[in-house]
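Readers should treat all values here as calculations from the given coordinates under stated rules, not as data from a laboratory. This one's a predicted model, so the numbers in the text were calculated from it and none came from an experiment. Here the Cβ positions follow ideal geometry from the backbone for every residue, glycine too, while neighbour counts run over all protein chains shown.
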Amino acid sequence: MKKYELTDEYIEIGFTTKIKLYRIKALVAIASIGVSAGDLGGYIEKESNLDQSGDAWVYDNAKVYDNAKVYGDAVVSGNAKVSGNAKVSGDAVVCGNAKVYGNAKVYGDAKVCGDAKVSGDAEVYGDAVVCGDAKVYDNAVVCGDAEVYDNAVVSGDAEVSGDAKVYGDAVVCGNAVVYDNAEVCGDAVVYGDAEVYGDAKVYGDAVVSGDAVVSGDAVVCGDAVVYGNAKVYGDAVVYGDAKVSGDAVVCGNAVVYGNTKVSGDAVVCGDAVVCGNAKVSGDAKVYGDAVVSGDAEVYGDAVVCGDAVVCERSDIVWFSNVGTEYGTLTVFKTKQGVLWATRGCFSGSVEEFLKKSAEVHDEKTKREYQLLIEVAKSRLNN
């Protein structure tokens with residue numbers, strides 16, 4: 001038995017080619033959605049637009065036409081439009097002034113409302129919500145409990161899932177993935193094969209691209225850019241005009257800001273701060289409570305840690321390919337003005353370093369380190 005019929009009441013849409021849409025009338029009660037026999041619904045072009053089985057319904061001034069299909073227990077209401085080859089099914093709701101078209105699919109318990117648009121081959125499903133003026137198109141997927149709203153755009157082959165939120169004027173595109181409880185908002189852009197997950201937040205005018213990963217409780221904001229294979233995680237914060245690239249890692253409670261550049265295989269972690277116009281690159285490591293700022297550059301295999309304060313190039317010196325293991329000896333000043341040395345697993349004052357060297361090294365190596373420390377003292381004006 002049919003649940004509805006097309007009435008003689010119709011409207012015409014289209015510009016060059018007019019399409020007649022007919023108002024529907026319920027022939028039987030649909031108790032689950034409060035429709036009684038005789039109630040008028042919205043407009044469809046033909047019976048294939050609204051399945052005669054199930055509890056699917058078109059309300060108000062909503063319109064379903066072309067080859068679009070509404071079925072299952074789905075509802076289209078308000079001034080919403082479903083057209084093209086779009087499919088709305090399950091318990092999905094399309095309402096307000098929303099538009100679903102192209103080959104798009106909305107299903108499960110998903111909701112598309114407001115002035116949102118879902119098009120192309122995009123899919124919105126699960127308990128996902130797309131609302132406001134948001135746009136989801138191409139092959140993009142929004143699923144789980146994810147929310148995309150305001151003027152946000154999700155496109156390409158991007159996926160937003162879990163409890164993730166994309167809002168403001170943010171854009172997630174390419175093959176990017178945003179999931180868990182992550183948030184991308186403001187004018188932020190996440191693209192390429194980038195991933196943002198955990199409780200991470202990307203906002204402002206920040207950009208995350210390439211194969212970069214932002215996760216944990218990390219924050220990337222301002223005009224910061226994270227790209228390449230870079231990773232920002234833990235409670236790390238990257239902001240200002242900072243750039244993190246290559247295979248660099250910023251993690252722990254580290255803060256990177258200003259016009260800084262962290263690149264190569266560099267690691268900034270712990271409670272370290274890199275700011276100003278500083279550059280950290282190569283295989284360099286900055287950790288502990290170290291501060292690298294100003295126009296300082298730390299690169300190669302240099303290690304800056306503890307309470308180090310490196311504000312200029314003249315505040316640090318390192319020597320590579322030294323000792324019996326051909327490693328790197330790094331010397332810098334701490335916040336207390338103490339000359340500090342790092343070499344392998346050792347970290348301590350230069351006096352402690354020379355004492356340790358005297359205990360474990362042969363005469364040739366001891367002399368080598370003594371000379372290097374003298375050079376370091378001279379370079380660091382100590």
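Beta bridges assigned by DSSP with both partners in the stretch 80-131 are antiparallel in approximately 0 percent of cases.
In straight-distance terms, cross-link reach from LYS3 covers every one of the aspartates and glutamates whose alpha-carbon lies under 20 Å from its own, apart from those fewer than eight places away in the same chain; here that gives ASP39, GLU45, GLU47, ASP51, ASP55, ASP60, ASP73, ASP91. Using alpha carbons only, how many degrees (0 to 90, rounded to 10) separate the axis of helix 363-379 from the longest principal axis of the chain? With both axes taken from Cα atoms, the answer is about 70 degrees. The DSSP beta bridges internal to the stretch 1-99 are antiparallel in roughly 50% of cases. Scanning residues 5 or more positions from GLY327 or on other chains, those with amide H under 5 Å from its amide H are ASN321, VAL322, with H placed 1.01 Å from N in the peptide plane. Taking every DSSP bridge with both residues inside the stretch 230-382, close to 40 percent are antiparallel. Taking Cα centre as origin and charging only the Cβ of basic (Lys, Arg, +1) and acidic (Asp, Glu, -1) residues, the dipole magnitude of the stretch 230-382 rounds to 180 debye.
Each residue of the stretch 118-123 was assigned a 3J(HN,Hα) from its phi angle through the Karplus curve 6.51 cos²θ - 1.76 cosθ + 1.60 (θ = phi - 60°); the sequence is 10, 8, x, 10, 5, 10 Hz, with glycine and proline shown as x. From the Cα gyration tensor of the stretch 71-111, with a ≥ b ≥ c the square roots of its eigenvalues, which class applies: rounded if a/c is under 1.5, or else prolate if a/b is larger than b/c, or else oblate? Oblate, because a/c is 1.5 or more while a/b does not exceed b/c. Taking 21 Å as the limit for the C-alpha separation, the pairs LYS285/LYS366; LYS111/LYS165; LYS99/LYS201; LYS20/LYS63; LYS165/LYS201 exceed it in the case of LYS285/LYS366; LYS99/LYS201. The C-alpha atoms of the chain define a longest principal axis, and helix 350-360 lies at about 70 degrees to it.
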